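J.: Sharing a structure, written as structure tokens. Questions coming.
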Amino acid sequence: MTLTRRAVLLIDDDPTIRSTVSRVLADEGWEVRLADTAQEGLTQLAGGLQPGLILLDLTMPGLTGAEFMELRQDIPGAASVPVYLFTAMRGAAEQWAALGAQGFVPKPVRLEQFLRVVEQHCG
Amino acid sequence: MRSRNLTPGQLDGAEPPPLAAEVLASIGEAVVALDGLGACRYANPAAVRLLGVSGVDQLVGRDMHDILHARPPEDPAAHSRDECPIARALVRGSATHITHEVFRRPDGATIDVDCRAYPLTGADGERMPGAALTLVDVTAYRKVEEENLFRKMLLDAQSEASIEGILVVAGDTKMLSFNRRAVEMWGVPQHIIDARSDELALAYVLQKLVDPQAFLAKVEYLYAHPDEESRDLIQLKDGRTFDRYSAPLRSPQGVDHGRVWFFRDITEMKQAQEEMAHLYDEARRAVRARDDFLSIASHELRTPLTSLQLATQSIVRQVKRRQTEGEASQLPIEWVKERIDGVLDLVSQLSALIDNLLDISRLSTGRLELATEQLDLAELVREVVQRHAEQLASHGCQVSVDAPGPAPGSWDRLRLAQVLTNLLSNAGKYGRGKPVAVTLSQDAGAARVTVRDNGIGIAPADRQRIFERFERAVSSSQYSGFGLGLWIVSEIVKAMGGSITVDSALGAGASFTVTLPRQLPSPK
């Protein structure tokens, strides 16, 4: 089962979110790939990364989360990867479907809920 | 001229000839005939009534001057016998007309009398001794006349007291009248007032207007349409604004008498309105900025809270897991230390955010208190940069320091550290992946710290705005933060008697320079 586990791609400009999430998921045995900009996330996907789940922040310098959703359509294989918005923005609950995401994880989030989403898509 | 007394058959015995007697008895005008000495020889019935006596016998033989002009000597209207119109007719032989004679009747009532005195002439046209008087009671006319005068006086006073400039142009004659306010408002020169020419006045007014053509067109239109009223605002070259109203001047019978123009100076009112609109805009902007701040603040607080929650729940989860697995799988002490350190870092980040929020409240209410001490700014700069080197490195920023010391001065250590922290944090945020340089220079009176990044830069239009509360030059959808960092910096620097300037261009990085006098300015 461990062999079939797929990585989580976290796209977030906040360094403490990146380091915390990567530590927490590593402790649970998940592979985490990090991108500090949406552009970097696209680059990794274009480079052939096939994560089980993309966690996407919305407010970032450079490309925003919404622009990322558009641009990933052009990368073969990337469009089918489930994306969850990972954001502190209040409107995310109404926004995620319109942006083409599969769901959203609020900031802050309980660890169990967070791990359930990861388990569901990467397990 | 015959010098004889009245002949019988004329006025002798106060009896005129039959037809003349009937005429004299019938008319309403009082007629009195006098002999050459001014004594009454005849009075018709109207004269008896007017003079308030019971019969003609009370008049005949009496001196007419005494009857008509008997007044107390202190009465200013009293005539002396020499000035009496009757005497003039008698002595000089000239007809006189007194339009307003006050006559006191024997019963004490006074009436206004129109009095004419004619020297007597015979049927042959020759002068005869004596005079004829006609007297008409004009008391009622006088009253109306007085009322009219009073009304006019009221109207004039009202017009003069008006805060509106009033200008009347009487129809055909183009006769002008201004009230004093109109003269003041327009500064009408005396020669135009004297000339009363509407042409001169119009030409004079036109050269004072911002848009004379529009005004002239309006005037021409109104003179072509005498029935129309009109109102608009006119702008003067000197910056004043007049509210202008014009209406036809008509009698109650509808006769056109021209046009009246009212001008009211509303410059101050307009300025007050503009000021109010400006304040309203500012207040709305402040409310919007505060709302933005609240939404950004809650967003910003949630981000470190997310890390804090995930990190602590993860520790708890790992501990619980080891508990169920037993002693054999104790958590390595390094792991525990690392995780706890991580949590403490997050706690400091959160508390720094909260401190920032509290600063806003302190700075907004002017409650910022400085705790000054003698310190070396060069040392402080190196310390703060070192403290943030790791964070800057996480943004891909290499930081260099050029701070030759010592740079002694009397400053608040914590507040200065906060200033430098905010500037460094901005340099990392907006200058990702590019080097950051911190330099210190000084002269006798002040020290200067410059933090230069090589990031996105600031457009000229935004360079002042970024120091305002809740303002930022870029969208909050791309850069997180309260939009308060530079405002806090600038407020602290101001409190220390210093200043902050920015040198930047879009895409070419930004260079913030804080100048700090070595001593706090003494409080006023």
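J.: Averaging sequence separations of C-alpha pairs under 8 Å and six or more residues apart, then dividing by the length of chain B, give the relative contact order as a whole percent.
T.: 7
J.: Counting other Cβ atoms within 10 Å of each Cβ, which trypsin sites (Lys or Arg not before Pro) in segment B:78-175 have at most 16 and sit in a DSSP loop?
T.: Sparse-neighbourhood loop trypsin sites (Lys or Arg not before Pro): B:Arg81, B:Lys174.
J.: OK, next. Which whole-number value in Å³ per residue fits the convex hull of the alpha carbons of segment B:122-232?
T.: 238
J.: Next up: For segment A:64-123, just say rounded, prolate or oblate: build the C-alpha gyration tensor, square-root its eigenvalues into a ≥ b ≥ c, call rounded for a/c under 1.5, and beyond that prolate if a/b exceeds b/c, oblate if not.
T.: Here segment A:64-123 falls in the oblate category.
J.: Collect residues whose amide H, placed 1.01 Å from N in the peptide plane, falls under 5 Å from the amide H of B:Met128; neighbours closer than 5 in sequence don't count.
T.: When sequence neighbours closer than 5 places are left aside, the close amide H contacts are B:Leu120, B:Thr121, B:Gly122.
J.: Right, next: For segment A:5-45, what number results from the quotient of the Cα radius of gyration and 2.2 N^0.38 Å?
T.: Here the answer is 1.11, to two decimals.
J.: While we're looking at this one, here's another question. Based only on Cα atoms, what mean projected area does the convex hull of segment B:274-414 have, in nm²?
T.: 14.5
J.: Oh, and also: Above 33 angstrom, tally the Cα pairs of chain B and express them as a % of all pairs, no decimals.
T.: The share of Cα pairs beyond 33 Å in chain B comes to 70 percent.
J.: How many percent of all Cα-Cα pairs in the protein assembly as shown sit more than 36 Å apart?
T.: Tail fraction, whole percent: 67.
J.: Can you give the helix-only mean residue ellipticity at 222 nm for the protein assembly as shown, where every DSSP H stretch with n ≥ 4 adds -39500 (n - 2.57) and the sum goes over all residues, rounded to the nearest 500 deg cm²/dmol?
T.: Using -39500 (n - 2.57) per qualifying helix, the result is -13000 deg cm²/dmol.
J.: For segment A:52-123 and segment B:199-277, what is the separation of their Cα centres, given in Å?
T.: If we compute the Cα centre of each part, the gap is 67 Å.
J.: Something else about it: Taking every DSSP beta bridge that has both residues in the protein assembly as shown, what percent is antiparallel when rounded to the nearest 5?
T.: Around 80 percent of the beta bridges assigned by DSSP in the protein assembly as shown are antiparallel ones.
J.: Restricting to DSSP loop positions (anything but H, G, I, E, B) with no more than 12 other Cβ atoms inside 10 Å of their own Cβ, which GluC sites (Glu not before Pro) remain in segment B:365-415?
T.: Passing sites in segment B:365-415 are B:Glu369.
J.: Can you put B:Thr134, A:Thr87, B:Thr121 in order of Cβ neighbours within 10 angstrom, beginning with the fewest?
T.: Taking fewest neighbouring Cβ atoms as first place, the list is B:Thr121, B:Thr134, A:Thr87.
J.: For chain B, take the longest principal axis of its alpha carbons; what is the angle in degrees between that and the long axis of helix B:377-394, to the nearest 10 within 0 to 90?
T.: Orientation of helix B:377-394: about 70 degrees from the principal axis.
J.: Rounded to whole Å and sorted largest first, list the principal axis extents of the Cα atoms in segment A:28-82.
T.: Cα extents, longest axis first: 31, 23, 17 Å.
J.: Separate question: What is the distance in Å between the Cα centres of segment B:390-428 and segment B:23-40?
T.: 121
J.: If you don't mind, another one. Are any of the pairs A:Lys107/B:Lys320; B:Lys237/B:Lys494; A:Lys107/B:Lys434; B:Lys429/B:Lys494; A:Lys107/B:Lys494; B:Lys270/B:Lys494 more than 31 Å apart by Cα-Cα distance, and if so, which?
T.: Too far apart for the 31 Å limit: B:Lys237/B:Lys494; A:Lys107/B:Lys494; B:Lys270/B:Lys494.
J.: When all alpha-carbon pairs of chain A are counted, what percent fall beyond 26 Å?
T.: 11
J.: Another question, if that's okay. Loop-only GluC sites (Glu not before Pro) in segment B:67-172, please: DSSP not H, G, I, E or B, and at most 11 other Cβ atoms within 10 Å.
T.: Those that pass, being in a loop and sparsely packed, are B:Glu74, B:Glu83, B:Glu126.
J.: Same structure again: Along its three principal axes, how long is segment B:213-350 when you only count alpha carbons? Whole Å, largest extent first please.
T.: On the principal axes, segment B:213-350 reaches 118, 31, 23 Å in Cα extent.
J.: Right, something else. Mind checking the alpha-carbon convex hull of segment B:247-299 and giving the volume per residue in Å³?
T.: Hull volume over Cα atoms, normalised by residue count, gives 97 Å³.
J.: Report ³J(HN,Hα) in whole Hz for each residue of segment B:304-309, in order, from the Karplus equation J = 6.51 cos²θ - 1.76 cosθ + 1.60 where θ = phi - 60°; Gly and Pro get x.
T.: Whole-Hz 3J(HN,Hα) from phi for segment B:304-309: x, 5, 4, 4, 4, 5.
All of the numbers you see were taken from the coordinates with simple rules; none came from a lab. Model, not experiment: these values are computed from the prediction. Cβ atoms come from the backbone with ideal geometry, glycine included; neighbour counts cover every protein chain shown.
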